[in-house]
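Here is the structure we will look at.
The values are calculated or read from the model by the stated rules, or taken from the named source; none is laboratory data. Since this is a predicted model, take the numbers as computed values, not measurements. Virtual Cβ from ideal backbone geometry, glycine too; neighbours counted across all protein chains shown. In case anyone asks, the SASA skips ligands and DNA or RNA and just uses the protein heavy atoms, side chains included. Shrake-Rupley method; radii C 1.70, N 1.55, O 1.52, S 1.80 Å.
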Amino acid sequence: ANNLTTYLPAVAGQPINLLNIDTTAPVINNIQAEIAGNPGFTKYAKEGAEVAITFRTNEPLNFNPTVRVNNQLTTYNSQLTTGNVTEYNYKYTITNNDTNGTAEVTISGFDSAGNEGTAQAADGRSFVIDRVNPTMEVAKGQDNNDLIAAPQSFATNADPAGAPVDHDPERRQG
């Protein structure tokens, strides 16, 4: 650590004064992002999804840190301090203005001496914004020679009334 502690001489009748010089930036680590309401895919966020961003600092900060997702401000949610370690929790909601791809999470905060600590997560500790709905094309096997195998007819119980639906046109005619 780059801290220097100096004891200043006491003035008559006054206690000894202590001066602590702090030139060490706070450390921001353990950055995690999790998507609420998507338990099977907690690293993928679609439009409207709420992302919980948590991280820790090695010392108390003077103010709540600034947290951004792709340069957009997030919302402070809570913090818990145990000893010198503080865990922060922020929230961010994906909008139609967000860009698809791995989100860049940046964090900046100052300790009581004015030293700035920064951190960035744009890898596995971050999350992926995916606003594009999947598309699927169904082709009839004999009409498309590019298919590996011709699909067989199938039945499903997707009928809202609950009765099985037969998707084989030859069986429906007979």
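A few remarks follow.
- Inter-site label distance for Q72 and T95 at 7 Å from Cα along Cβ, in nm: 0.6 nm
- The string of couplings for the range 44-61 from the Karplus curve (6.51, -1.76, 1.60, θ = phi - 60°) is 10, 10, 9, 4, x, 6, 9, 9, 9, 10, 10, 6, 10, 10, 8, 7, x, 9 Hz, one whole number per residue in order, with x for Gly and Pro.
- L19 - accessible surface, heavy atoms, 1.4 Å probe, Å² rounded to 10: 80 Å²
- Nitroxide proxy distance, nm - points 7 Å out along Cα→Cβ at Y44 and E116: 3.7 nm
- Sorting V85, V132, V138, V69 on solvent-accessible area from highest to lowest, probe radius 1.4 Å, gives V138, V132, V85, V69.
- Charges were assigned to the Cβ only: +1 to each Lys and Arg, -1 to each Asp and Glu. The resulting dipole of the range 77-135 about its Cα centre is roughly 180 debye.
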